[in-house]
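Heads up: the structure comes next, in structure tokens.
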Amino acid sequence: MTNVTYRGVLTKSEPTKSLTHGFKRSVGRNNAGRITMRHKGGGHKRLFREIDFLYNKKEIPAKITSVEYDPNRGAFIGLAVYKDGEKRYVILPKSVVPGDTFIVSPNAPLMPSNRLPLKNIPVGTFVYNIELKPMGGAKVARGAGIFAQVVANADGQTNIKMPSTEVRKVNENCYACVGTVSNEERHLENYGKAGRSRWKGIRPRVRGSAMNPVDHPYGGGEGRQGRGTKRPKTMWGKVTGGRKTRSPKKYSNVFIVSRRKVGKNKKGN
């Protein structure tokens, strides 16, 4: 079992009450109550922290007063107190500590957590909390340890290399934060026991090869058997590996400069 070391990183254990509220987790159900994602349910009760992804307070400096844990996401969050007194939670980048300041401005210096338009960010800079439409709020690169990279600026568009290795065009007037999202060690975490998965709301999965033929395409056979099918399949017989699933007419196809690398192509990158 391995853990992320919070001691020496987090500065506050209880969240700011005015920025939290209770909520009912979907636990894999849709609005009709039907299970659309299996193996989810239970888990510890959580408070929802209201995170500011819109960043609509421009030209007003803010000071980070705490580094906190958020059970609803992998990244650390911080309480930002603006100069006019307003408090908001924001996702913190790596290396930012209480007492540091940031500002949302077209003329902001190129410092971690500062937010400025993509057209004002030099090529090669790591960014996170990226908008896809001007004033649409941060949508891309928000997970723990994640970053995207500015690779080109031309013709009113900025080319962004996504964490998936995809290169995508984004309007140059969209805003992004400078830096890399905090808690980069999270992907090294090893739960170590089944109970810890249950705390997270993850229920047990049964391997298809351990089932009967009636229950799964991989089922049956004496002793341990291979899957017995040419391609990997789901419980319902749908091919799940090696088949393209992206729609040929998807609206965002025109923004894709180069597709993400998958399978064997991804190895060595």
**Request:** Can you tell me how much longer the chain between ALA152 and LYS24 gets when fully stretched, taken as 0.36 nm per residue apart minus their C-alpha distance, in nm with one decimal?
**Result:** 41.9 nm
**Asked** What list do you get for SER13, SER26 if you sort them by fewest beta carbons within 10 Å?
**Response** SER13, SER26
**Positive dipole terminus of the range 17-185, leading residue within ALA148, PRO134, SER26 (C-beta point charges)** = SER26
**Request:** Would you mind getting me the FRET efficiency between LYS12 and TRP199? Use the beta-carbon distance for r and R0 = 22 Å, nearest 0.05.
**Result:** 0.55
**Complete:** The aspartates and glutamates whose Cα lies under 13 Å from the Cα of LYS57, excluding any fewer than 8 residues away in the same chain, are ASP84, GLU86
**Request:** Determine the principal axes of the Cα atoms in the range 98-201, then give the extent along each, sorted from largest to smallest and rounded to whole angstroms.
**Result:** 52, 35, 24
**Asked** What are the ³J(HN,Hα) values, in whole Hz, obtained from phi via the Karplus relation 6.51 cos²θ - 1.76 cosθ + 1.60 with θ = phi - 60°, for each residue of the range 130-143 in sequence order, with x given for Gly and Pro?
**Response** 8, 7, 9, 9, x, 6, x, x, 5, 10, 10, 6, 10, x
**Asked** What does the range 10-50 give for Rg and for Dmax, in Å, if only its C-alpha atoms count?
**Response** 13.7, 41
**Asked** Excluding same-chain residues fewer than 8 positions from LYS161, which aspartates and glutamates have a Cα within less than 19 Å of its Cα?
**Response** GLU131, GLU172, GLU184
**Request:** Kindly provide the helix-only [θ] at 222 nm of the chain, computed as the sum of -39,500 (n - 2.57) over DSSP H runs of four or more divided by all residues, to the nearest 500 deg cm²/dmol?
**Result:** -500 deg cm²/dmol
**Request:** Calculate I(q)/I(0) for the range 1-116 by the Debye formula, one identical point scatterer on each C-alpha and no solvent, and give its log10 at q = 0.21 Å⁻¹ to two decimals.
**Result:** -1.16
**Request:** Report, in whole Å, the centroid distance computed from the Cα atoms of the range 1-45 and the range 107-180.
**Result:** 28
**Asked** Could you give the dipole magnitude of the chain about its Cα centre, charging the beta-carbon of Lys and Arg +1 and that of Asp and Glu -1, in debye to the nearest 20?
**Response** 1700
**Prompt:** Using the eigenvalues of the Cα gyration tensor, what equivalent ellipsoid semi-axes result for the chain when each is taken as the square root of five times the eigenvalue, whole Å, largest first?
**Reply:** 38, 26, 17
**Prompt:** Using Cα-only point scatterers and the Debye equation, what is log10 of I(q)/I(0) for the range 143-219 at each q in 0.15, 0.16 Å⁻¹, rounded to two decimals?
**Reply:** -0.76, -0.79
**Item:** Cα pair distances in the range 119-269, grouped into 5 Å bins until the bin that holds the longest one, percent each
**Value:** 2, 8, 12, 13, 13, 13, 13, 10, 8, 5, 3, 1, 0
**Listed residue (TYR218, PRO71, ILE121) projecting farthest to the positive dipole end of the chain, Cβ model** = TYR218
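Bear in mind these aren't lab numbers, they're just calculated from the coordinates by the rules spelled out. Since this is a predicted model, take the numbers as computed values, not measurements. Cβ: placed from backbone, ideal geometry, glycine included. Neighbour counts: every protein chain shown.
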